[in-house]
Amino acid sequence: NDGAFKRALVRYKYAERHPEHTAEEWRNQAVDALIAPMERVLSRQACLEGERIGLSDAALFPFVRQFAATDPAWWSAQPLPAVQAWLGAWLLHPLFERAMRKPG
């Protein structure tokens, strides 16, 4: 995550600052580095480490959320049902809702 995926994610989100590739090329690099491998794993099991939420799930969720939010229409149109379902479950998870609750 901290290598090729994070590098491509930042460049995808801020493609105008990294003109050596188009946003689509950065996005494709991010997919190849992390999203496609996650799809393969999550198509066989509920979470990245097996059937129960693990540290990998919690650590990668914020980055996958950022990636998906960069172009939501593109994201929802992709043939990535396992990662999309995984992300959707995290977005509804009580832990995430508690973490995102505004103080006051």
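The condition (being among the hydrophobic types (A, V, I, L, M, F, W, C) and open to solvent by 50 Å² or more (accessible area, probe 1.4 Å)) is satisfied by just one residue among A68, A15, A89: A89. The residues of region 24-35 that are surrounded by fewer than 18 Cβ atoms within 10 Å (Cβ to Cβ) and closer than 15 Å to W74 by Cβ, listed by number, are E24, E25, N28.
Among the residues of region 62-104, how many are modelled with pLDDT of 95 or more and touching a helix residue (DSSP H, G or I) at 6+ places or on another chain (Cβ under 6 Å)? Count: 10. Among the residues of region 48-79, those that are more than 21 Å from V10 (Cα to Cα) and hydrophobic (A, V, I, L, M, F, W, C) comprise L48, I53, L55, A77. Summed over region 71-86, the residues that are open to solvent by less than 50 Å² (accessible area, probe 1.4 Å) and touching a Leu at 6+ places or on another chain (Cβ under 8 Å) give a count of 3. Of the helices (runs of 4 or more DSSP H) entirely within region 64-104, those holding at least 1 residues that are closer than 12 Å to M38 by Cβ occupy 81-92. Report yes if V41 is β-branched (V, I, T) and either closer than 23 Å to E24 by Cβ or open to solvent by 50 Å² or more (accessible area, probe 1.4 Å) (or both), otherwise no. No, not satisfied.
The values are calculated or read from the model by the stated rules, or taken from the named source; none is laboratory data. Predicted model only: the values in this text are computed from it and were never measured. All Cβ positions, glycine included, derive from the backbone under ideal geometry; neighbour counts span all protein chains shown. Only protein heavy atoms, including side chains, enter the accessible area calculation; ligands, DNA and RNA are left aside. Shrake-Rupley method; radii C 1.70, N 1.55, O 1.52, S 1.80 Å.
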